[in-house]
């Protein structure tokens, strides 16, 4: 079986478990029209990727059998509309409460993030703080790289923005990220390119406070 076909079969198995709930190897074999041995090979690969969980079920007759369900990690493989929901809720808030309320909402998020990460910046040089900020943003999916261009000056690039759809509509997201960086780094931070404004990345120039 070629790699593309194997991947396709595994996707079908995941979809079956999502829509039908717990299934045994026998159940899957019957529905897929392939041997139980082939099903077990796919199951093994999916378990290795932490996408499946197994449970031993006792039956009225015969030996207990294993049934398989999706692990929490597998849920992330299915389409989600979280960003659209967020935008819809923010639109409702804007319509009902006005722009000032949206500003306060994003500023509150900024304050929470600042409180969460401030301790990671303590007793560090600016270079160490920039490195720590890169770690924080990478933990959150921003795909960061950074470099020092001269003494006390750094270039910080984010190649992905997990909240791009929100930032495209609500510029407060970008404004608060810039303020968060300035406060966490205790430095001058200038954004020269922005994904939400059509850039290829979010690019920041960071330098020592004067």
ask   = If you go through segment 71-82 one residue at a time, do you hit one that is in contact (Cβ under 8 Å) with a residue 12 or more places away in the chain, surrounded by 13 or more Cβ atoms within 10 Å (Cβ to Cβ) and more than 30 Å from residue 177 (Cα to Cα)?
value = yes
request  = Answer yes or no: is there a residue in segment 41-52 that is part of a strand (DSSP E or B) and more than 21 Å from the chain's Cα centre (by Cα).
outcome  = no
request  = Pick out the one residue from 154, 170 that is surrounded by 20 or more Cβ atoms within 10 Å (Cβ to Cβ) and farther than 23 Å from residue 207 by Cα.
outcome  = 170
Residue that is nearest to residue 107 (Cα to Cα), among those in segment 188-210 that are over 23 Å from the mean Cα position of the chain (by Cα) and crowded, with 19+ Cβ neighbours inside 10 Å = 189
Residue check for residue 99: surrounded by fewer than 13 Cβ atoms within 10 Å (Cβ to Cβ), closer than 25 Å to residue 169 by Cβ and without any contact (Cβ under 8 Å) to a residue 40 or more places away in the chain = yes
ask   = Across segment 16-38, what is the number of residues that are more than 22 Å from residue 63 (Cα to Cα), within 32 Å of the chain's Cα centre (by Cα) and exposed (fewer than 13 other Cβ atoms within 10 Å of the Cβ)?
value = 2
task = Among the numbered conditions (1) out of contact with any helix residue (DSSP H, G or I) (no Cβ under 6 Å at 6 or more places or on another chain); (2) surrounded by 11 or more Cβ atoms within 10 Å (Cβ to Cβ); (3) within 15 Å of residue 182 (Cα to Cα); (4) without any contact (Cβ under 8 Å) to a residue 60 or more places away in the chain, tell me where residue 118 comes up short.
result = (4)
query = Among all residue pairs at least 6 apart or on different chains, which show Cβ distances below 6 Å where the first residue, located in segment 128-140, is closer than 13 Å to residue 116 by Cα and the second is surrounded by fewer than 17 Cβ atoms within 10 Å (Cβ to Cβ) and at pLDDT below 95?
reply = none
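One line per residue, one yes/no per condition, for (1) out of contact with any strand residue (DSSP E or B) (no Cβ under 6 Å at 6 or more places or on another chain); (2) assigned to a loop (DSSP other than H, G, I, E, B); (3) at pLDDT below 95:
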residue	(1), (2), (3)
69	no, no, yes
85	yes, no, yes
119	yes, no, no
142	no, yes, yes
154	no, no, no
167	yes, no, yes
key: Counted residues, segment 59-112 - those being at positive phi and in the same structural domain as residue 8 (by TED's automatic domain parsing)   = 1
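The values are calculated or read from the model by the stated rules, or taken from the named source; none is laboratory data. These numbers were taken from a predicted model, which means no experiment stands behind them. Note that each Cβ is placed from the backbone with ideal geometry, even for glycine, and that neighbours are counted across all protein chains shown.
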